[in-house]
Structure formats: C-alpha cells, structure tokens
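Okay, so here's the structure we're looking at.
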Protein chains: 2
Amino acid sequence: MNGFDRFKELQKKQKAYQLVLGIASWDSNTEAPKACFPYRSEMLSLISGEYYALSTSEEYQEIVNALHQDPEDLSEIQKKEIRKAKKDIDKILPIPREDYVEYSRLVNLSQREWEEAKAKDDYDHFKPYLEKIIGFRKKMAHQRDPDAHPYNVFLDDFEEGMDMEKYDGFFRIVKEEIAPFAKEVLAVKDEKPPEFMVATYPRDKQKQFGEYLMDVLAFDKNRGLLKESVHPFTWNTHSKDVRFTVRYLENYLFSSVFAAIHELGHALYEQQVDEMFDMTNLKSGASMGMHESQSRFYENVVGRSLPFWEAHLPKLKKLFPRQLKGVDAEEFFRAANRVDETFIRVEADELTYPLHILIRYEIERMIFEGQIDVDDLPAIWNKKMKQYLNLDVEKPSQGILQDVHWSTGMFGYFPTYALGSAYAAQIYYTIKEELDFERLVREDDIAEINRFLKEKVHCYGKSKTPEEILVALTGEPFNPQYYARYLKEKYRDIYLK
Amino acid sequence: MNGFDRFKELQKKQKAYQLVLGIASWDSNTEAPKACFPYRSEMLSLISGEYYALSTSEEYQEIVNALHQDPEDLSEIQKKEIRKAKKDIDKILPIPREDYVEYSRLVNLSQREWEEAKAKDDYDHFKPYLEKIIGFRKKMAHQRDPDAHPYNVFLDDFEEGMDMEKYDGFFRIVKEEIAPFAKEVLAVKDEKPPEFMVATYPRDKQKQFGEYLMDVLAFDKNRGLLKESVHPFTWNTHSKDVRFTVRYLENYLFSSVFAAIHELGHALYEQQVDEMFDMTNLKSGASMGMHESQSRFYENVVGRSLPFWEAHLPKLKKLFPRQLKGVDAEEFFRAANRVDETFIRVEADELTYPLHILIRYEIERMIFEGQIDVDDLPAIWNKKMKQYLNLDVEKPSQGILQDVHWSTGMFGYFPTYALGSAYAAQIYYTIKEELDFERLVREDDIAEINRFLKEKVHCYGKSKTPEEILVALTGEPFNPQYYARYLKEKYRDIYLK
C-alpha cells in the first residue's frame, strides 16, 4: 500500500470517530435526557481519547510528514488534504492526551450546566465551569504556541489567517461607521412593533411553515432534516446528512422563521459541497466566516427582502389568517427589518447585530489578555451593553448567559459572525450584477441562486480558502466597506428617506 | 493496578464504544435521513472493528481468563462480571475481525433496505440482503460452535439456557392448548370492532395521552423520553438514559396506547436496574424473555384490565370527547381485549399473539436446518398464516416483511416474545397473592407495583438469571401451564361466559 492510500485508510478511521462523536453531540443538543450527562461525558471523553491516539500516532505522523515533504506524486486536491492533515497534527500534538480527554469531558458536561444556569438565571452556577474552561483554553494556547497571543491562536482556528490586528481593523469600521449610523436609525425607529409581530402563532403551524421554507430554499429532505432545540444550529457529518434546528416561540413568529432561513443557509452550503470531499478532511464549508456569510445572506438578503415576502406571505397568511389579517408584504418587510436595541444577539436585527459581536470580541480579547476575573464578567458585559446598545441588563440570561459558545470552549468564534455578514455584503454586490436577483426571489426561483452559490462558493468545501473564493467571485479580497455600504443603503431606504 | 481494576478500565472503554454505537443506532432508527446510510454503515463498521479489537485483545483475554480461573479475591458480583466477560469473549473470539466488520456494515445497511422493501411491498428488493444475512449467521454459528445446531446457538444468545428442545416443549402447549382455545373464542368473537375503535384520533392528542401514560406508570422523564418511530422499541445505554418509541395511527388509537404501555414496561425495567450496574456488563434486563415478561405484564395484565380503564378512561375522554362519547370502561375494556385473526404481529391480540410467534419459530427453525430457500420464504410464511390463523396473506408487508428483526440478523429473538408472555403469566399469579393488584391499578397506584417488581425482578439487572428470579419470586421454575391457565381464565370470562 502506498503512503497516500494508507493515509486515507487512517483518515477514514478518524472520520468514523468524528461521525460517532458528532451523532452523540447532535443527540446531546437536541433530546438527550438531563440525567444522562455525567455518564455520557465520561464515556465520550474516552472515545475522544481514542480519536486523539489515532490522530497523533507515530505511523500517522510519519505518513503525513513524508507526504508533506515530498508531495510530487500527489494531485492538487491530495496536496491540500495533506496540508490540512499536517496542520491538524500541529494543532493536536502539543496537547497531552490527559488534557485532551479531560477537556472533552469538561465541555461535554459544562454545556448542560450552562443550560441549567441560564434557566435558573444564576451566573454563579456556571462560573466554576467557565473558569475551568478559560484556564484550559489558556493552557492549550500556550501548549500550542507559547509565543503567540493566546486569543490569536483561537481566532486563527475559526478563521484561518485572521488575528486581533485584522479584526481590530474590521471592528473599527463597525465602531466608527456602522455604530453611528445605527444610532441615526434608532433615533427614528418604529417605537412599537406592529400588532401582528407580537400576536400568538401556534407551534404546529410554525413547524409547517418551517417545512415549507425547506422546499422554498430547495433543501433536499432526503439528505437532512429540521428539528427543534433550545439553541438553533446546523449540524452535518457529510453532504448527505445535514440537519438544522430552530425553536418555536409562540409569541414571536419571527424567531423560528428567520432562524430557519438562517440555518438553511448553512445547511444548503453543506448539502452543496461536492460529494467527492465527503471522505476527505476538505469536506464542509471553507471557514466559519464563509459559512456565516451564507447563512446571513439567505437570512437577511434573501429572507428579509420585499420580493421574498411578496412571494411567500400568501402561504403564511393561509396558515395564520387571523393573525395576519390585512397585513401586506410592505408592512411585513418593514417589520422583518425593524431596528431596535435588544438584549439577545440571536434575536437582534441586522443593523445592531455587529454591535453584539463587538461586545463579545472585546470581552474575549480581555479574557485572553488576562485582564479579567470571571467574577467581574457580568459587570463588564453589562457595561458594554450600556455603552453600545444603551440597555440595562437585569438578569444574566439576557446578558452573559445568553450564548452557548463559551460553555463549549468556543472562544474566538463570535467574530466570524460579523465577518460573515461582511463577506455576505461583498458577495451580494457581485450577485446583483450577475443575476436578476430580485426577480429570482420574487418568482420563487431560489434554486437558481443556490446553483450560482454552489458553483462559486459551496462546491469547493475547504479546498479553497475564503480569500481565494472571495477574489474569484467578487474580483477583490475582503473589503469591509461593502458591509457598511450595504447596511447604509438598505436601512436608509427603509428608515431615513 | 490489580487485575480486576485493569479489567474495569478496559471494560469502561468497551462501554464507551457501546454507547456511541448505541446512540448512532437510536439515531438511525428514529430520524437519520435516508441518504446517509451508505456512508454511515461503512463508518460504523469501522467503529465496530475497534470495539472488536478491544474485546479480543490479548491483554483483555489474559486478564479475564486469569480472573476467571482464580476468582477467590472477587466479590460475588465481580465474579458474575468476570463470568459474563468470559462468555462474551467466547462468543466474539471465534468470529474473524473481517467478518465481524463486514457483518456490522451489512446489518446497518439492510435495515434501511428492509424498510424500503416493506414500503414498496417488494420482497425481491429485500431478498438479496436477507440471503446474505442468513449466510452470515450460519457461518457465524459454525465458527462459534461447529457441533451445535446453529439455531440453538442463537436461541441461547437471546435467552440463556434455552434451546430447540425446550422451545419445542413450550410451543407444544401453545399448539395443543392455546391454539384450540383461541379457536373456541374466535368462533364467538365480536364480528365488528365497536365504532369508537375505528374512529379518527388526531396524532397530537394521542401524543398527549402518551405523555400522560408516562406519568401514570411513574416513568422518570429526567432519565428518558418518548419519541416517534416506524417500529416501536425501547432503547437504553444505562439506567439514566432509557428511551422508547411508538407510532401514531390516526385511525387506530389502540396502536399507540398499548405500544406505549408495552414499551413503558421495558423502560421501567431498565430505569429500575440498580445504578451500581451502570458501569458493569450486568446492566440491563436479565434476558430478552424476562424483559418481554415485563412489557407484556404492563401492557396486558395492567393496561388491558378493567380497573386500568376505570381509572384512565376519563382522561382519554377529555382528550377525545367526540370519539368516545357514551363509551364506558366495560366497553373499552372489551374492545381492548378484542380477539381476532390479524396479519400483523404487533397489532395482534393477546390470545392469538403466540400463534404469530409460533409461525416465526417454525420458519426460523427451518432456515437453520437448511431446508429452505429464501425464494420460498413468502410462500411458507403465507401457508403457515393460513394454517394457524386462517388468513390469506395478500402482500409481503402484511406477511413476511412486517418485522424488522431479520434485517438486523436477530434470528432466535422472536421466541422470547412468547416466552416472556408466559413468564408474565406465572409472575402474575404470585403478584395477585402478594399485592392488592386490582385496587392498586384502579386507584392509580402503579408506583407500588413498580416497587414490587423492582425489588423482585428489575434491580438485579443481569446479576441473576431468569430462572433464579422466577424461583425466588414465584416459588418454582418456569412453568408454561400458567400461561395457558391465564389466557383461558381471562378470555373465558370475557367471551365464553
């Protein structure tokens, strides 16, 4: 057996471990009963240990290193697989197995504790877990690269090539251009949401509309499903098993509708990655930022557009004739783009959204600069909410406990949300030129938009970098000015005309 | 580290593999999308291969053998753990790893193909898979014990100590006592089901009643859940994660109601196994037959009793006032015990049920005696249906394709269903003496019955054999005459008075 074949064999086994750990995590996040987690966390950490052993075995290292140093006989794709494998080894190898296993156990458990803390609105319940996780993350960053700033290590994990310097530049635009503009719009916001926005919408009918949206966005139901969970997310193991979740709030229809379209953006991306990558480490979206660009694009550019509701409000009215009586597409569109100061990131409007991310970015930066005590985190959070959104946080569930990410150790993830929105804006200006975008949306031909994005973005999986994709698609590297421009054009039109 | 500690460590890892494979199987059987199975089957077979390697490693064998030969320092429970481990090694070791992995891949895949064949009513679609599975099972039986009758190998797997000779004796009573009595009852059966039995019952309300039944039977919802699937089943990984499924047929309420009570019987058993066994190989019910005795007991003895419906018909009527208008507990009880010739085992009444099992037992016996060609199986099935139930099977979905078991290789499992019903009858005669059974059911105090069964049956897990449990509880070894007596008393009372 030649080196590359043996590499593929070992990698297949890695993927088998990823699959079973992935299914377990899907189960944990959607339905596993509360009492099972102590046992489960311990058992899963053992499986993670086996995965670690496989991914750091001498044989695997030798093969990858040999192919990395001597790649002549490999195809371009194979070279990329090896580069990725090499990078993954470099990430995992410096972490001792005991730490890896213990960390896996910790985050499996902490997520449940976070959930409980949030439900009880009790930061102190979560604090010891958060403290341990932060300690672990700092230690791991140091193990991996003692010279790097620890936060940079994680920023790069979630978006290759990004670091604090680049993000600082990006968030400067959020702070200096988007924040003041948002202030202008907030000054003239609709003080009250329209009646229909706060009416009661029974869950079952919301569910039916979710199923309808899957068809509208041409999601392949043979290769995935929609389920309910507390925190909406998308999950996949390969292009033929892509799932997403939403939650149904009976007194807030928009929550499930726009979460569904958002997650469908992620899910379409995964379903459209070329199946040739299923058995490789290049499967899945190019990066977190690129992924988020697609979810944001579908949610905000497609889903919160007037033509979208010209096409689909009739269906929604059939399901909710009483609640939506007399509402027209214009009104619905305006409500779907209602700007307001809100506590909860996932319910925030498109315009104030990056401010929520800015807050998290600044706090995470402080955490990893070691300037912060976990005891002080809620106060810091609340202060920043006051500063950027002029809101007084009254309980941790509407402040620091609202997001799942930290309980799973995902520091450095949040910034990709804003970055993705910015990618989406840049991509949008190209799409407007290349496709008859509004007509396609109005005439319910989103499959045509899917095809375009498949060809330009999705099909490549991780075989191209975000930068390569952006340059090929839009003709220039990432340029955050498109983001400011897009938001200003859209919201000026709605609120400042 | 001493031998037993090292044994526990290796066993914990085995349990971790069982956990992830178990979660994957739960997912496969309840919601995984259709297109994911080729990839998934291949990947799970690799994990099965890792499990195999662990369970047959030289180190593990040596430790188990040493402790098995020299058990003085072990506690009674530890001795049982080692005996079980030794037996498990003896079962798995003769199967070569390639066969084990390939077989795992095959059954993961075949289950989907069976589902499709059943949906399309196309036996030929399933035939090649069935043929391969039978071939594999015969080969494996030979590998494990070339001198034994292959069917005996599997009968013993599902019910330790049982073989064809013993089952022949048991089924003789089914044939010679129960079948003729069933004929008598069928001669005077209610020709038509009452109106309310075939009315329409919306799914959502059925679901609500399912949740209600969980409370009635004192199922701990923190340690499990109820979900929907095509084929009702119970699943668990340890006493703190016990799940079961039902399906909802809008035109047949009894299907979900009695499936729920049946599966709750299995589930209560698992929840009541002492948690000290969670981390051992003695967790879970004593045997398939003992398990089925509990599900049958709750379903038929508790759930299909008059006092049960005196207590719970009011709740059902609240959910379905229109459908159940004017129906009283007597009528409901009679309908719940309606005897009829039916095609589908899982919908069969208690009295004709063992005839369905008899058919399967006889066919499986023939398969492993090598007298049968898979081409002929449907005809043989249909002939036996005519012989024992006087029915003409018109399509494979109401005949040979109705059950999932063979698609997963579980030959030898069916007989435990009838055996369990017989255990249940024997246990019932003791319970009637020891508890004020009817009053407890009528006064909605099933928790008291649970406590009794926990103490006498459930808590032991596999640390006692079915025989030990039966003798301690009922004062005598298994005696199938109780089964005939129970059925005759109950159905004489309803139909032949």
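The values are calculated or read from the model by the stated rules, or taken from the named source; none is laboratory data. Bear in mind the structure is a predicted one, so any value in this text is a computation, not a measurement. Every residue, glycine among them, receives a Cβ derived from its backbone with ideal geometry; neighbour counts consider all protein chains shown. The protein model used for the area step is the full one, side chains on, heavy atoms only, and it has no ligands, DNA or RNA in it. Shrake-Rupley method; radii C 1.70, N 1.55, O 1.52, S 1.80 Å.
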Placing one equal point scatterer on each C-alpha of the stretch B:216-371 and summing with Debye, one gets log10 I(q)/I(0) at q = 0.13, 0.14, 0.19 Å⁻¹ equal to -0.71, -0.81, -1.26
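Could you tell me which of rounded, prolate or oblate describes the stretch A:92-186, using a ≥ b ≥ c as the square roots of the eigenvalues of the alpha-carbon gyration tensor, with rounded for a/c under 1.5 and, failing that, prolate when a/b is larger than b/c and oblate otherwise?
Working: a/c = 3.30, a/b = 1.29, b/c = 2.57.
Oblate, since a/c reaches 1.5 and b/c is not below a/b.
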Rounded to one decimal in Å, the inverse mean reciprocal Cα-Cα distance for the stretch B:399-463, i.e. its Kirkwood radius, is 14.4 Å
Result for interface chain B to chain A, accessible surface buried in total, 1.4 Å probe, Å² to 100, stands at 3500 Å²
At q = 0.10, 0.11, 0.13 Å⁻¹, the log10 of I(q)/I(0) for chain A from a Debye sum over equal Cα scatterers comes to -0.80, -0.99, -1.43
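Charges only on Cβ, +1 for Lys and Arg, -1 for Asp and Glu: so what's the dipole of chain A about the Cα centre, in debye to the nearest 20?
Working: 70 positive and 87 negative charges, 204 e Å.
That gives a dipole near 980 debye.
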at A:Leu93 the sorted inter-copy label distances (label 7 Å from Cα on Cβ side), in nanometres, are 3.9
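Could you provide, to the nearest whole Å², the per residue accessible area of the protein assembly as shown with probe 1.4 Å? All intermediate terms of the calculation are to be shown ahead of the outcome.
On the way: 39420 Å² over 994 residues.
Counting only protein heavy atoms, the per-residue value for the protein assembly as shown is 40 Å².
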Projected onto the charge dipole of chain A (unit charges on the beta-carbon of Lys, Arg, Asp and Glu, signs +1, +1, -1, -1), the Cα from A:Thr416, A:Val273, A:Ser305 with the largest positive-side position is that of A:Ser305
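Calculate for the protein assembly as shown the 222 nm mean residue ellipticity that helices alone would give, adding -39,500 (n - 2.57) per DSSP H run of length 4 or more and normalising by residue count, nearest 500 deg cm²/dmol.
Numbers: 42 runs with 608 residues, N = 994.
Estimated from H runs of four or more residues: -20000 deg cm²/dmol.
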Quick numbers on the stretch A:10-99, Rg and Dmax over C-alpha atoms in Å, give 16.0, 53
Once the in-chain neighbours fewer than 8 apart are removed, the aspartates and glutamates whose Cα is under 12 Å from A:Lys166 read A:Asp156
Shortest first and in nm, the label-point separations between B:Lys79 and its counterparts in the other identical copies (7 Å out along Cα→Cβ) come to 6.8
Long-range amide H partners of B:Gly461, meaning residues 5 or more apart or on another chain whose placed amide H is closer than 5 Å, are B:Asp274
The stretch A:143-246: spread of alpha-carbon positions along the three principal axes, whole Å, largest first, is 54, 46, 24
Percent relative contact order for chain A, counting Cα pairs under 8 Å at least six residues apart, stands at 19 percent
Here the stretch B:142-157 yields Karplus 3J(HN,Hα) values (6.51, -1.76, 1.60; θ = phi - 60°; whole Hz; Gly and Pro given as x) of 5, 4, 6, 7, x, 8, 7, 5, x, 5, 4, 4, 7, 4, 5, 4
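What per residue convex hull volume, in Å³, comes out for the stretch A:1-160 when only alpha-carbon positions are used? Spell out each step's value before the answer.
Values: hull volume 21.5 nm³, N = 160.
So the per-residue Cα hull volume is 135 Å³.
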Residues whose modelled amide H sits under 5 Å from the amide H of B:Leu225, counting only those 5 or more places away in sequence or on another chain, are B:Val242, B:Arg243, B:Phe244
Checking the stretch A:313-421 for GluC sites (Glu not before Pro) in a loop per DSSP with at most 11 other beta-carbon atoms within 10 Å yields A:Glu394
The size of the Cβ-based charge dipole (Lys, Arg +1; Asp, Glu -1) of the protein assembly as shown about the Cα centre, to the nearest 20 debye, is 1720 debye
Share (percent) of C-alpha pair distances in the protein assembly as shown greater than 38 Å works out to 53 percent
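If you average the sequence gap of Cα pairs under 8 Å that are 6 or more apart and divide by the length of the stretch B:1-104, what percent do you get for the contact order? All intermediate terms of the calculation are to be shown ahead of the outcome.
Working: 53 pairs, mean separation 39.1, N = 104.
So the answer I get is 38 percent.
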Taking the axis of the rotation relating chain A to chain B, the A residue whose Cβ comes closest, together with that distance in whole Å, is A:Val20, 2
Charge dipole of the protein assembly as shown built from unit charges on the beta carbon (Lys, Arg +1; Asp, Glu -1), centred at mean Cα; most positive-end Cα among B:Ile494, A:Ala148, B:Gln69 is B:Ile494
Averaged over residues of A:222-230, the number of beta carbons from other chains lying within 10 Å of each residue's Cβ is 2
Expressed as a whole number, the average count of other chain Cβ atoms within 10 Å around the Cβ atoms of A:22-34 is 5
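If N is the number of residues in the stretch A:381-428, what value comes out of its Cα radius of gyration divided by 2.2 N^0.38 Å?
On the way: Rg = 13.6 Å, N = 48, 2.2 N^0.38 = 9.6 Å.
Cα-based Rg divided by the globular estimate yields 1.42.
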Here the stretch A:469-476 yields Karplus 3J(HN,Hα) values (6.51, -1.76, 1.60; θ = phi - 60°; whole Hz; Gly and Pro given as x) of 5, 4, 4, 5, 7, 10, x, 8
For A:Lys34, counting only lysines whose alpha-carbon sits under 18 Å away and dropping same-chain residues fewer than eight positions off, the answer is A:Lys118, A:Lys120, B:Lys221, B:Lys227, B:Lys240
The lysines whose Cα lies under 18 Å from the Cα of B:Lys464, excluding any fewer than 8 residues away in the same chain, are B:Lys79, B:Lys80, B:Lys84, B:Lys86, B:Lys87, B:Lys283, B:Lys454, B:Lys456
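Plugging the Kirkwood radius over Cα pairs into Stokes-Einstein for the stretch B:286-398, at a temperature of 4 °C and a viscosity of 1.567 mPa s, what D comes out in µm²/s? Each step should come with its number before you reach the end.
Numbers: Rh = 16.7 Å.
Rounded, D is 78 µm²/s.
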Compactness check, the stretch A:348-408: C-alpha Rg relative to the 2.2 N^0.38 Å globular estimate gives 1.08
For B:Arg492, inter-copy label-point distances (7 Å, Cα→Cβ), nm, shortest first, read 9.4
Diffing the stretch A:95-102: the Karplus 3J(HN,Hα) column from phi (6.51, -1.76, 1.60, θ = phi - 60°), in whole Hz with x for Gly and Pro, holds 8, x, 4, 4, 5, 4, 5, 5
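Can you give the charge dipole size of the stretch B:94-139 about its Cα centre, rounded to the nearest 20 debye, using +1 on the beta carbon of Lys and Arg and -1 on the beta carbon of Asp and Glu?
Details: 10 positive and 10 negative charges, 50 e Å.
Dipole magnitude for the stretch B:94-139 comes out near 240 debye.
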Placing +1 on each Lys and Arg Cβ and -1 on each Asp and Glu Cβ in the stretch A:420-497, then taking the dipole about the Cα centre, the residue among A:Tyr428, A:Gln481, A:Cys459 whose Cα reaches farthest towards the positive end is A:Gln481
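Work out, in µm²/s and without decimals, the Stokes-Einstein translational diffusion coefficient of the stretch A:373-497 at 37 °C, 0.692 mPa s, Rh from Kirkwood over C-alpha pairs. Present the calculation step by step, with values, prior to reporting the outcome.
Numbers: Rh = 17.8 Å.
Translational D for this selection: 185 µm²/s.
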